[in-house]
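The values are calculated or read from the model by the stated rules, or taken from the named source; none is laboratory data. Please read these numbers as outputs of a predicted model, since none were measured by experiment. In this analysis, Cβ positions are derived from the backbone assuming ideal geometry, glycine residues included, and neighbour counts consider all displayed protein chains.
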Amino acid sequence: MSLTHSNMKKNLLTYTACLLCMLLLSFCNQQDSNDRHKEVIAEVPALEPLTTETAVDVLTAYAKQHPDSLAVISTRHGDIKVRLYKDTPLHRANFVRLTKAGFYNEGEFYRVVKGFAVQGGDSDNRKMKQGSYKIPQEFNRRYIHKKGALAMARYGDERNPDKESSSHNFYIVQGGPLTAAEIRAYEAQHGIQYTPAQAKLYQTLGGVPSLDTEYTVFGEVVEGLDVVDKIAEEPVDGTKWPKELVTHKITMVKE
């Protein structure tokens with residue numbers, strides 16, 4: 001069927017109008033997508049670098065404003081849910097602050113010692129900076145290095161006689177069951193006495209009592225101990241760094 005010049009002109013105008021509408025709609029959708037992306041990025045606060053001089057004041061204030069105490073550490077082996085202790089407020093606030101800023105999403109489990117612990121928080125590929133600072137130790141006799149204990153790494157006593165914690169490197173205890181005699185030996189070594197419940201935990205669940213009174217325990221695994229065991233099985237090089245990256249993402253979740 002042939003078209004008249006008038007009909008062809010009308011069809012051309014209609015086609016042009018439809019094309020303009022489609023282009024405008026596509027632009028609007030793209031703009032909405034960009035705006036939503038900007039909104040998501042804006043939800044992640046900038047991480048103000050701290051110093052040893054400013055850390056305590058900043059973390060004390062942050063602890064009052066952010067009572068969060070439950071976090072999920074996601075890895076390719078699965079999720080580890082940890083509960084942070086509220087009576088180690090500086091360590092809890094520091095962990096929450098770094099988590100909410102997305103700092104730990106650039107980290108990995110970079111040291112794995114089977115039968116001892118898996119250590120995370122750092123990475124050679126990190127771009128975000130947290131500043132150079134240490135956290136005053138918050139030792140609490142209630143919290144021991146049982147299997148699943150969450151604690152903060154630190155420099156040795158020679159450089160760090162006050163046993164202050166790292167700004168960001170944490171570890172999760174693996175360990176294994178101990179005998180009653182071994183537990184008594186650690187009590188004598190550290191000048192402490194475990195409660196019957198604590199001694200039973202070391203004999204049944206296991207842990208690493210040699211670290212007690214040396215490093216701050218500020219939380220524990222409540223779900224996912226099997227994931228810790230899987231990470232501990234990772235093949236490592238001579239420096240205990242996993243041969244295949246075990247990156248982690250950490251998020252705070254509601255109780």
When every residue in segment 213-225 that is β-branched (Val, Ile, Thr) and assigned to a loop (DSSP other than H, G, I, E, B) is compared, the one nearest to Ser69 (Cα to Cα) is Thr216
Of (1) closer than 17 Å to Ala55 by Cβ; (2) touching a residue at least 60 places away in the same chain (Cβ under 8 Å), His77 fails just (1)
Residue count, segment 91-145, condition under 24 Å from Leu205 (Cα atoms) and among the aliphatic types (A, V, I, L, M), comes to 5
Next on the checklist: With the structure loaded, tell me whether Ser167 is part of a helix (DSSP H, G or I) and either among the hydroxyl-bearing types (Ser, Thr, Tyr) or closer than 21 Å to Leu70 by Cβ (or both) or whether it fails that test.
Outcome noted: no
In segment 53-65, is there at least one residue being part of a helix (DSSP H, G or I), surrounded by 12 or more Cβ atoms within 10 Å (Cβ to Cβ) and modelled with pLDDT under 95? no
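Which of the following residues is within 13 Å of the chain's Cα centre (by Cα) and outside any helix (DSSP H, G or I): Leu98, Leu150? First the steps, then the outcome.
Numbers: Leu98 fails: outside any helix (DSSP H, G or I).
Going through Leu98, Leu150 in turn, just one is within 13 Å of the chain's Cα centre (by Cα) and outside any helix (DSSP H, G or I): Leu150.
Could you please give the count of residues in segment 228-254 that are over 13 Å from the mean Cα position of the chain (by Cα) and under 21 Å from Tyr85 (Cα atoms)?
At the first step, the residues of segment 228-254 found to be over 13 Å from the mean Cα position of the chain (by Cα) are 228-245, 254.
In the following step, the residues that additionally are under 21 Å from Tyr85 (Cα atoms) were identified as 228, 254.
Of the residues in that region, 2 qualify.
From the set of residues in segment 191-212 that are assigned to a helix (DSSP H, G or I) and touching a residue at least 24 places away in the same chain (Cβ under 8 Å), which is nearest to Tyr143 (Cα to Cα)? Even if it seems obvious, please write down each step before you answer.
Of the residues in segment 191-212, the ones assigned to a helix (DSSP H, G or I) are 196-204, 209-211.
Filter once more, so that each one left must be touching a residue at least 24 places away in the same chain (Cβ under 8 Å): 198, 201-204, 209-211.
Values: Gln198: 9, Leu201: 12, Tyr202: 12, Gln203: 16, Thr204: 16, Pro209: 11, Ser210: 13, Leu211: 11 Å.
Per the stated criteria, the residue is Gln198.
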Note to self: Just to be sure before I move on: is Ala149 out of contact with any helix residue (DSSP H, G or I) (no Cβ under 7 Å at 6 or more places or on another chain) and more than 30 Å from Ser74 (Cβ to Cβ) in the structure I sent?
What the structure shows: no
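Would you point out which residue out of Gln203, Gln189 is exposed (fewer than 15 other Cβ atoms within 10 Å of the Cβ) and over 23 Å from Val56 (Cα atoms)?
Among Gln203, Gln189, only Gln189 is exposed (fewer than 15 other Cβ atoms within 10 Å of the Cβ) and over 23 Å from Val56 (Cα atoms).
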